[in-house]
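In what follows, a structure is listed as structure tokens, so that the remarks can point back to it.
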Amino acid sequence: MSSIPWVCSRCLARSARIVRNHRLLFQRRHLTSDSDLSPALILRAQFLAGEHATLSDQLATSFDTKTAKRVGELGPVAKALADWNNANKSISELKSMLQDPDAEAELRSLAVEELEGTEATLKLVTDNLKRALVPRHPFADLPCLMEIRPGAGGDEAGLFAFELLRLYIAFCTRRGLRSTVIKRELADGGEERLMEAVLEIETDGAYDILRTESGVHRVQRVPATEAKGRTHTSAVSVMVLPSFPETVNGAESALDFDDPNSDYYIDPQEVRTEKMRASGAGGQHVNKTESAIRLTHLPTGTVVSMQDSRSQHANRKKAWQILRAKLAEARQEAREQELVELRRGAMGGVGRMGRGDKVRTYNYGQSRCTDHRSGLTVHNLDDVLEGGESLDTVMDSVRSWLNDREILALTAGV
């Protein structure tokens with residue numbers, strides 16, 4: 001009987017070692033998993049980091065503006081890749097320590113804790129690297145134009161279009177973005193029913209901030225004229241265009257409008273110009289002079305009309321600005337559509353959401369704003385309609401959604 005406790009002690013000690021070894025093996029497997037960075041993304045990051053190093057060496061001997069700009073663009077990728085490499089190196093060293101049979105128990109315990117923290121860091125730097133690899137939109141640094149038009153829904157659509165115009169003006173004011181309404185056509189009757197509006201946001205980078213707003217915005221509410229309290233659904237189209245002004249802060253723009261290789265180039269021979277008398281609300285002067293301008297781009301059939309100013313010259317200038325913006329956006333969209341066709345096979349049919357898609361719903365009865373791209377819903381509609389921080393939250397979610405789709409495309413290697 002006296003030998004039984006001795007045997008049990010050995011069994012208990014052996015069992016403890018087995019449990020400890022299994023726990024350590026579990027920690028190794030779950031704390032040292034590889035990051036979800038695909039080989040295609042790693043290769044792209046290494047290529048761009050190599051380009052960054054080469055151009056940085058060139059700048060050290062001779063300064064060049066274009067080279068410096070490119071180095072600045074590639075800097076975030078190079079830094080994120082360096083952080084990613086350092087995190088992976090630390091993980092490799094910690095794994096080697098855990099696999100060393102001669103390592104002390106206390107060092108092993110510290111290594112497991114360090115490994116857990118480094119794994120968390122690796123996830124963060126991996127996400128940073130992914131975001132850095134997403135190509136910057138070619139129009140990201142430009143100012144922009146926002147075109148707002150009522151769609152289905154009759155008078156109610158016109159009323160909501162007017163509210164969206166006020167929303168974006170309030171948003172620009174809060175964010176410190178310079179904005180001017182360069183076109184506003186109201187329906188007859190003097191009510192706040194918008195037929196069409198163009199808001200110019202003159203601040204550089206405004207296009208990148210507001211491009212998430214392109215698409216069909218749907219409103220669900222009970223109209224003031226509805227006697228039975230039924231909810232109606234109306235729609236408003238919002239288009240965000242890059243702006244190419246001829247003058248910036250009173251000085252001539254640096255853009256070369258005669259460059260046929262640029263997106264904003266227009267052959268004047270392909271544009272029909274018509275002068276006419278302005279119509280609609282706007283004062284007695286509108287029917288006295290032919291100040292209104294209508295431009296038609298013959299190859300595409302794109303038509304732009306402008307009558308808000310009493311000056312024919314001012315109307316012509318703004319009409320050309322809007323026409324350039326529309327054609328540049330259309331050319332960029334055509335290139336993006338070509339990429340979509342290539343990606344559909346690689347990404348299982350994933351396409352892009354265009355300007356004709358329903359992107360957001362504003363439900364007044366539930367005080368709800370839902371974006372159908374990111375899937376985010378906020379229950380503070382009043383703040384959204386005032387251009388407040390709730391609108392920032394929705395727009396940020398769409399930017400994250402766009403980044404995820406771009407990363408998916410890069411992962412597919414297309």
Checklist outcome for this item: Using alpha carbon positions and the Kirkwood radius, the Rg to Rh ratio of the range 145-235 is 1.01
Checklist entry - Taking 0.36 nm per residue of separation and subtracting the Cα-Cα distance, what length does fully extending His379 through Asp404 add? => result 6.5 nm
Checklist entry - Which entries in the list Lys275/Lys318; Lys66/Lys317; Lys95/Lys123 go over 20 Å, if you measure between the two C-alpha atoms of each? => result Lys66/Lys317
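At 0.36 nm per residue, minus the direct Cα-Cα distance, what do Asp392 and Arg230 gain on full extension? Give it in nm, one decimal, please.
55.3 nm
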Item to check | Radius 14 Å from Cβ of Pro76, net charge of other residues (Lys, Arg +1; Asp, Glu -1) | outcome: +3
Checklist entry - Between Ala334 and Glu246, what FRET efficiency comes out of the Förster formula 1/(1 + (r/R0)^6) with R0 = 25 Å and r the beta carbon distance, rounded to 0.05? => result 0.50
Next on the checklist: Under 18 Å from a point placed 7 Å out from the Cα of Leu59 along the Cα-to-Cβ direction: which residues of the range 119-142 have their backbone N that close?
Outcome noted: 132-133, 136
Checklist entry - Taking Lys130 as the anchor, which aspartates and glutamates have their alpha carbon closer than 18 Å to its alpha carbon, excluding any fewer than eight residues away along the same chain? => result Asp34, Asp36, Glu51, Glu73, Asp83, Glu119, Asp396, Asp404, Glu406
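No value in this document is a laboratory result; all are computed from the given coordinates. Everything numeric here is computed off the predicted structure, so don't read it as measured data. For neighbour counting, all protein chains shown are included, and Cβ atoms are generated from backbone atoms with ideal geometry for every residue, glycine included.
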